[in-house]
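The structure appears right after this line, and notes come after that.
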Amino acid sequence: MLSTVQTPPRLLRSPSAAASTLRCIYTVPCCGPSRSPNSQILTARKSLLSRETSAVDLAKSFCERLRRTEPQIGSFLHVPPHETVLKQAEELDVKIKNGDRLGPLAGVLVGVKDNICTSDMPSTAGSKILENYRPPFDATAVSKLKRNGALIIGKTNLDEFGMGSSTEASAYQVTANPWDLSRVPGGSSGGSAAAVSARQCMVALGSDTGGSVRQPASFCGVVGLKPTYGRVSRYGLVAYASSLDVIGCLSSSVADAGILLAAISGHDKFDATSSRREVPDFESHFVSKDGFESKPLRGVRVGIIRETLGDGVDSEVVSAVHGAISHLEELGSILSEISLPSFSLGLPAYYVLASSEASSNLSRYDGVRYGSQSSGDDINTLYENSRGRGFGSEVKRRILMGTYALSAGYYDAYYKRAQQVRTLILDGLKDALERNDILVSPAAPSVAYRIGEKKDDPLAMYAGDIMTVNVNLAGLPALVLPCGFSVGRLPVGFQMIGSPFDEEKLLKIGHIFEQTFEGGECFVPPIL
């Protein structure tokens, strides 16, 4: 369906031996006039290879911006000494000077959510029970980042163990939204989204169990990509709900999200659920709009999910999403409204299943095998003290809900029925995607709300996940892009849902939308 998108030929090599050496050291082509102008990764790559800037200067600029903005935003839980990052950048400059072979993320400053293990920094999952915990290994995604030349600039804040939608459930600090410091950045990957929005890093890793990459992306005006379940290894991701958890990408452009995804994807022997499917060349599709035809999305079938634009969705969100849908039509897409009768059932089913899996996964934090140890006269007292002091209220709430749902008298009524609903949702989305190339909806029913507004009303906060949880239950990929603003100049996100392992199509469509959408260059928060 996307054959009308023109992909220009590879850039010709310079006859100059020195220039040829510089361009060939990357494992992928460098940025040129035909490449996406919005990509921080491609722009940095071009600047490094042309010697317009150095990796040290690039790292210094991001470290300085982080130092200046972090006291107001609170995106990071752990930041290594800047000297450590600069030393790694110096080593990169030497490799460039010597013409050594580099990875596609060389010099890219990356934030990593603090529930993804890093051997050289603490990994607390935002919980006191893992305070000061330093894993003896890197998560597979982190290992791939480092192997591809990325510089880890710090570990970002999150709701404890990924359980929350505002990053207020962190045991350490509350993160502010760069667009309005009195509002939440979303969650649970709110620290990663805020860091990318405030340009404290180029890109960031998050995790998405029920929308934890996509909802913060919407609130903070950045791009959020949730891959298909199994596309990225979960090894080293602190488990919340194992059948739902995925590592995702946050960035300021679709191109950067695709390049980051390509770098961390692939089969991993340490994760039996990781797919052996070949990872496509996403980057070849990230061309400038000069390479597009007049109707670059001609023939692309877009299904508009009726249930996502009705009651309970703010009018400003509906207006912005309708504008985005109209833009897809202007680009040549064929629009149709579809109904998913089981859509509203996703939210209760998700919370039963996620809480049940959390109840099981978090049983390991007993103060003996894992977690901080508290004193106790007997084993039960030890457990009570360790878990009582180490877990926050939201984590305790979900453990209790999950334990109840799995108990002998209620298993059939709750857990089994939720699994049946999950099958209905999967079948409904599968049928809709057989008739459409992508499905679209808002990423969240509202824009970012004020800090503290919903903290004491968990049901209201849970309801904010209505747009995203079905995608996780079905294991599908989804992409969120900014598509407009509320009257108060708060970003609104637009969600595209694709077929399993078809991130390539999502990224193509998302990139074309982003490149041609008027006002896209305005998604820079006032704090900058």
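The values are calculated or read from the model by the stated rules, or taken from the named source; none is laboratory data. Please read all numbers here as calculations on a predicted model, not as lab measurements. Backbone-built Cβ (ideal geometry, glycine too); neighbour counts: all protein chains shown. Ligands, DNA and RNA are stripped out before the accessible areas are found, and what is left, the full protein with its side chains, is counted by its heavy atoms. Shrake-Rupley method; radii C 1.70, N 1.55, O 1.52, S 1.80 Å.
For the range 172-190 versus the range 326-398, the spacing of their alpha-carbon centroids is 20 Å. Taking one quarter of the surface of the C-alpha convex hull of the range 95-253 gives a mean projected area of 9.2 nm².
As an equivalent ellipsoid, the range 237-377 spans semi-axes of 39, 25, 14 angstrom, where each value is the square root of five times an eigenvalue of the C-alpha gyration tensor, largest first. Checking the table K269/K505; K295/K430; K87/K289 against a 30 Å threshold on Cα-Cα, which pairs fail? Too far apart for the 30 Å limit: K87/K289. Relative to the current alpha-carbon distance between R489 and R147, full extension at 0.36 nm per residue lengthens the span by 119.2 nm.
How much FRET efficiency would the formula 1/(1 + (r/R0)^6) give for S288 and R68, where r is the Cβ-Cβ distance and R0 is 35 Å, rounded to 0.05? For R0 = 35 Å, the calculated efficiency reads 0.65. Counting charges near K455 (Lys, Arg +1; Asp, Glu -1) among other residues having Cβ under 12 Å from its Cβ returns a value of -4. With N the number of residues in the range 260-323, Rg(Cα) / (2.2 N^0.38 Å) evaluates to 1.75. Per-residue ellipticity at 222 nm computed for the chain from its helices equals -11000 deg cm²/dmol, with DSSP H segments shorter than 4 residues left out and the rest contributing -39,500 (n - 2.57). With Cα atoms defining each centre, the range 443-486 and the range 80-142 are spaced 29 Å apart in the structure. Computed over neighbours whose Cβ is under 12 Å from that of V469, the net charge equals +1, Lys and Arg +1, Asp and Glu -1. Farthest towards the positive end of the charge dipole of the chain, among the residues L250, L58, L130, is the Cα of L58, using unit charges on the Cβ of Lys, Arg, Asp and Glu. A crude spin-label estimate for the pair S182 and Y411, with each label 7 Å from Cα along the Cβ direction, gives 5.1 nm.
Of the options (1) 1.22; (2) 0.93; (3) 2.77, only one is Cα Rg over 2.2 N^0.38 Å as computed from these coordinates, and that is (2). Pairs of Lys residues in the range 112-234 are counted when their Cα atoms are under 20 angstrom apart and they lie 8 or more places apart or on different chains; the count is 10. Near N385: Cβ cut-off under 12 Å, other residues only, Lys/Arg at +1 and Asp/Glu at -1. The net charge is -2. Take every DSSP beta bridge whose two residues both sit in the chain; close to 65 percent of them are antiparallel. Each Cα pair under 8 Å and six or more residues apart adds its sequence gap; the mean of these over the residue count of the chain is a relative contact order of 17 percent. The fraction of accessible area contributed by carbon and sulfur in the chain is 51 percent, rounded to a whole number (1.4 Å probe; ligands and nucleic acids excluded).
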